[in-house]
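Following: one structure in structure tokens, then a few remarks.
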Amino acid sequence: MAFLNISSVYKRFGGYTALENVNLNVRQGEVIALIGHSGCGKSTLLSMIAGLSQPTQGEILLEGRPLKGPGPERGVVFQNYSLLPWLSVYQNVKVAVASVHRERTDGEKARITEKFLQIVGLWEHRHKKPGEISGGMKQRTALARALATNPKVLLLDEPFGALDALTRATLQDELLKVWDSTLEDGFLRAIWGSERKTILLVTHDIEEAIYLCDRIAVMSNGPAATIGKVVEVPLPRPRDRREMLESRAYVEIKEELLHLLTVVYARKAA
Amino acid sequence: MERLGRKSFSRGLVVPKPLLAGFNALIGFFILLLVWYVLSHTIAPKVPDPAKTLGIFWQLLIDPFYDNGPNDKGIGLQLWLSLERVFVGFGLGALIAVPLGIVIGASEGLRAMLNPVIQMLRPVSPLAWFPVGLAAFQASEQAAIFVIAICSLWPTLINTALGVGSIPQDYRNVARVYAFSPWTYLTRVVLPHSLLYVFTGFRLGMGIAWMVIVAAEMLAGGTGVGFFVWDSYNSGQLEYVMASILFIGLVGWALDALLGQLVRRFSHG
């Protein structure tokens with residue numbers, strides 16, 4: 001039984017079929033990307049996994065149980081960050097921590113919040129409002145919020161799409177660091193357990209997908225989009241960006257993905 | 001850049017902005033007085049002219065809080081009594097309007113159900129509500145407050161519902177994903193998002209309340225600026241009526257400016 005199981009999922013909006021017969025098995029602890037042209041329904045699929053919308057047909061199972069609406073075991077980092085603009089960076093994370101870790105003491109909640117703000121490097125900026133910080137910092141806040149709620153699956157919707165190349169690279173590294181459970185802190189380890197987080201991210205950046213992921217699910221073009229080939233990324237971890245970019249394996253995977261996206265699942269002439 | 005931009009245009013005399021605004025306002029008032037003067041000396045000779053009115057205005061202004069029994073109180077005292085009623089009536093209205101607005105804003109079904117009712121009751125005149133209040137409470141004081149409450153709550157109700165109904169899907173998704181409790185959702189999402197709308201509603205509602213108070217007190221009698229206006233008219237002292245209008249206008253302006261400040265404060269934060 002797969003950890004996250006998407007079986008024969010359809011999504012229709014009125015007479016328009018956005019997704020048709022989507023099947024995917026996600027393993028516990030892997031990083032997997034959904035890649036495809038914009039408008040192919042990647043985000044629609046992600047929002048169904050998040051439980052924010054329901055499949056018209058088919059089923060999504062997490063650890064064998066069908067999903068019922070959204071829940072904190074599936075942490076979401078939204079495409080536009082979705083921070084509450086009237087709360088500070090600290091409060092944005094804290095309110096989620098307090099809601100999800102209800103049974104913990106106030107001290108523990110504060111400690112969890114602090115820890116994750118430090119991991120994403122925002123502790124110094126914790127009193128600022130979202131309107132006062134850069135896009136990268138907003139994204140870090142959203143990431144800290146999602147991570148601090150200790151999800152089983154982290155769902156990222158084009159998480160670094162709106163950022164400049166440098167910030168993007170830094171945040172990708174930070175994400176991997178957290179995922180790799182390189183957490184020294186015993187308290188956090190106790191909360192998190194020693195299992196790696198499962199990460200599912202939506203992207204249209206091929207390099208990002210290869211650098212971050214174990215597998216890449218390529219989506220065909222809509223309407224009636226579906227998951228075509230799932231490409232394995234057999235690059236060893238930890239990965240070094242420069243080494244990776246020069247490696248043969250990287251070039252081959254990139255060629256294959258490009259071929260899939262531009263030839264096999266090419267955008268139909270409009 | 002700055003030096004090139006602004007200052008080069010006004011090379012000579014630089015007039016400070018507030019001074020200019022004050023000067024413009026003076027011109028506006030001067031035009032008002034002129035029109036008033038002309039009208040009161042042509043087509044409406046019974047209406048006191050600005051000179052007479054301002055004389056009384058000044059007389060009322062320098063001794064605002066005297067109290068010589070029920071039929072002879074200073075204008076300040078009357079205005080204060082009116083303001084008290086407005087605050088109580090408006091406050092009661094808000095206590096109903098804000099929670100109800102939140103509930104209506106949160107539920108599309110309820111909105112569809114209650115919107116026609118609101119649209120029907122909203123334009124009803126305070127004069128029509130007054131007998132209803134009298135019948136319900138058997139007392140003119142309570143009836144006046146009832147009229148203020150029921151006439152001033154609509155903008156608050158409608159704006160609150162509008163604010164709550166316009167919470168972006170993104171924020172609602174955050175609340176759903178991170179399992180916010182209803183209380184957290186209310187205090188961390190609904191209220192902060194809607195506050196600006198609520199205060200805009202307050203501002204409009206307060207304007208209505210202040211308009212309604214004069215009518216309500218004319219009917220209720222006894223005290224307040226509305227009673228003062230009516231009493232002055234009945235005793236043939238039209239200069240007092242005209243002077244009262246100036247006072248009513250100025251207090252209404254001040255109330256609006258005060259709430260406007262509040263709205264501005266929340267729109268920045």
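The values are calculated or read from the model by the stated rules, or taken from the named source; none is laboratory data. Source: prediction; values computed, not measured. Neighbour counts are summed over all protein chains in view; Cβ atoms, including those assigned to glycine, are modelled from backbone coordinates with ideal geometry.
Residue check: residue A:81 meets all listed conditions (1) within 12 Å of chain B (Cβ to nearest Cβ); (2) of a type in the set (Ser, Thr, Tyr); (3) in a helix (DSSP H, G or I) but one, namely (3).
The requirement of being touching a residue at least 24 places away in the same chain (Cβ under 8 Å), in a helix (DSSP H, G or I), closer than 25 Å to residue A:202 by Cβ and out of contact with any Cys (no Cβ under 6 Å at 6 or more places or on another chain) is satisfied by residue A:44.
Would you check if there is a residue in the range A:106-117 being over 23 Å from residue A:72 (Cα atoms), buried (at least 17 other Cβ atoms within 10 Å of the Cβ) and of a type outside the set (Phe, Trp, Tyr)? Outline the logic, then answer.
Applying the first criterion (over 23 Å from residue A:72 (Cα atoms)) to the range A:106-117 yields none.
No, the range A:106-117 contains no residue that is over 23 Å from residue A:72 (Cα atoms), buried (at least 17 other Cβ atoms within 10 Å of the Cβ) and of a type outside the set (Phe, Trp, Tyr).
Is it the case that the range B:192-210 has a residue that's within 14 Å of another protein chain (Cβ to nearest Cβ), among the small types (Gly, Ala, Ser) and buried (at least 19 other Cβ atoms within 10 Å of the Cβ)? Checking the range B:192-210: at least one residue is within 14 Å of another protein chain (Cβ to nearest Cβ), among the small types (Gly, Ala, Ser) and buried (at least 19 other Cβ atoms within 10 Å of the Cβ).
Scanning the range B:109-130 for residues that are surrounded by fewer than 13 Cβ atoms within 10 Å (Cβ to Cβ) and either touching a residue at least 12 places away in the same chain (Cβ under 8 Å) or within 14 Å of residue B:212 (Cα to Cα) (or both) gives B:123, B:125, B:128. Tally the residues that are part of a loop (DSSP other than H, G, I, E, B), modelled with pLDDT of 90 or more and closer than 24 Å to residue B:171 by Cα, restricting the search to the range A:104-132. Residues flagged as part of a loop (DSSP other than H, G, I, E, B), modelled with pLDDT of 90 or more and closer than 24 Å to residue B:171 by Cα within the range A:104-132 amount to 5. Of the residues making up the range A:44-72, those that are surrounded by fewer than 17 Cβ atoms within 10 Å (Cβ to Cβ) and either aliphatic (A, V, I, L, M) or under 15 Å from the mean Cα position of the chain (by Cα) (or both) number 1. Could you tell me whether residue A:3 is within 21 Å of residue A:150 (Cβ to Cβ) and within 14 Å of chain B (Cβ to nearest Cβ)? Judged against the criteria, residue A:3 is not a match. Selection of first residues in the range B:156-181 that are at the interface with chain A (Cβ under 7 Å from one of its Cβ atoms) and closer than 27 Å to residue B:96 by Cβ and of second residues that are surrounded by 18 or more Cβ atoms within 10 Å (Cβ to Cβ) and small (Gly, Ala, Ser), restricted to Cβ pairs under 8 Å at least 6 apart or on distinct chains, gives the following pairs, ordered by first then second residue: B:171/A:82; B:180/A:99; B:181/A:99. So residue A:69 clears everything in (1) on the phi < 0 side of the Ramachandran plot; (2) within 9 Å of chain B (Cβ to nearest Cβ) except one condition, right? Which one? So residue A:69 meets the others, but not (1).
Okay, residues lined up against (1) under 30 Å from residue A:7 (Cβ atoms); (2) within 13 Å of chain B (Cβ to nearest Cβ); (3) in contact (Cβ under 8 Å) with a residue 60 or more places away in the chain:
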residue	(1), (2), (3)
A:51	yes, yes, no
A:60	yes, no, no
A:76	yes, yes, yes
A:99	no, yes, no
A:116	no, no, no
A:121	no, no, no
A:134	no, no, no
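Among residues of the range B:242-262 being surrounded by fewer than 20 Cβ atoms within 10 Å (Cβ to Cβ) and β-branched (Val, Ile, Thr), the one that is nearest to the other protein chains (Cβ to nearest Cβ) is B:251.
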